[in-house]
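Since every read-out is calculated from the coordinates, none of them should be taken as a lab result. Predicted, not measured: the structure shown is a model, and the values here were computed from it. FYI the Cβ positions are ideal-geometry reconstructions off the backbone, even for glycines, and counts take in every protein chain you see.
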């Protein structure tokens, strides 16, 4: 992780929470907001995430996505509904990617959907 981001987070950030993937969420600290206001600088609250491991936006669960984009005022960690599936990041291009049961790669060569292709002698 870049030193500038860590320095910015150390100076201006207030930790809000952490998700199951180890990503840490921050917002502008009240001290920094008061300091800027004292000098006449109006600034909207900023919210950001420090990713654990690979920086991949699909690793942000829906609960935290709404908070990051100012849809909710508070993180929705306390709301756990039984109908919500656990969040999974985008696995496209990895060994764990979803493969359709009737994928052409899984069907023997020269036969697709039960139709055998003509092969010249």
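Structure above, values below:
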read-out	value
Segment 3-94, relative contact order [Cα under 8 Å, separation at least 6], %	20
Extension gain, residue 43 back to residue 29 (0.36 nm per residue minus Cα-Cα distance, nm)	3.8 nm
Average silhouette area of segment 3-94, convex hull of alpha-carbon atoms, in square nanometres	7.5
For 100, 25, order by how many other beta-carbon atoms lie within 10 Å, fewest first	100, 25
